[in-house]
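Below is one structure, written out as structure tokens; comments come after it.
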Amino acid sequence: MAKIIQKTRYYREKTSFLHNPDGSKTFLLEVGDAANTAIVLLHGIGADHAMWEPQRQVFARQGYYVLTPDLLAHGKSSKVTTLELKDWNNQIIALLTQKGLTSCILLGVSMGGVIAQSFAINYPHMVSQLILADTFATLSSWREKLLGFSQLVGFSIYKRLGAKALAKSMSHVYKMPFAKRARAYFIEKSADVDFNQLILARKAINKIDALQKIDGKEIATFVLVGESYIVAFVLKKHYILIEIFKNLVLRQAPRSLSEN
């Protein structure tokens, strides 16, 4: 019997620059049918839209209209001289408006998760579902503030040491075998990083205060946190993840899932 080989559908990816009301520009890569449910993917600090390359086509094939912008101060979007959370909020509003969307699924990782929370707090009617990965909701205790400050110090040090030193650091951060793709990506991003922009971005996200401000019943929310983060921040109360959302229930994934 002849073996039937089924081809995986590839969706055309479109890139463009969107002009924002404040004069800034947003670089956008979109893929999928615009008539489908929109999902906006927000990258982490020092990254750009290309971070989502492994997920874009998968989400499109699952029936989503995928939008991956470069956030302000990152990638091909505008560089800035000042930066606040509200600037990213306005960037997302402009993106949705220009694409004729009234709401979307919002997914953010790390810095993108902070921005997603800020947007959900201020514009809950524009977020149908919220997905957060390895992020934080506040820096209120001295330990949390120290962590945020250490990131600023780190960027300032690497600014003096140069991009090669940052690339070497990334190779250690993503040294696990399963992180090979991420390691290659962040080493590449380190080559042309703008440390001044990273410092502005880190200062902005350090100001987030989302505790008890997002209602899990109003916005369906899914939170992803690595096991080491749970031990270090939740159980030891460095980051009280349970307090991020009202009506949030945390359940540990079965061990079999984490081993697959």
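A few points about this structure:
- Among H74, G63, L85 the positive-end extreme of the charge dipole of segment 40-101 (Cβ point charges): G63
- Label point at R12 placed 7 Å out along Cα→Cβ; residues across segment 19-42 whose backbone nitrogen lies under 15 Å: 30-35
- When you restrict to C-alpha pairs under 8 Å that are six or more residues apart and normalise by the size of segment 81-190, the relative contact order lands at 17 percent.
- Pairs exceeding a 20 Å alpha-carbon distance, out of K79/K189; K175/K207; K79/K213; K14/K99; K14/K79; K86/K203: K175/K207; K79/K213; K14/K79.
- Applying the Kirkwood pairwise sum to the alpha-carbon positions of segment 4-137 produces a hydrodynamic radius of 14.9 angstrom.
- Cα convex hull of segment 47-118 - mean projected area over all directions, nm²: 5.1 nm²
- Global form of segment 127-204, assessed from the alpha-carbon gyration tensor, a/c cut-off 1.5: oblate
- Ranked by how many other beta carbons lie within 10 Å on average, peptides 45-52, 112-119, 16-23 from highest: 112-119, 45-52, 16-23
Read the figures in this text as sums done on the coordinates, not as results from a lab. Given the structure is predicted, the values throughout are model-derived calculations rather than measurements. Counting neighbours? That spans all protein chains shown, and the Cβs are built from the backbone with ideal geometry, glycine included.
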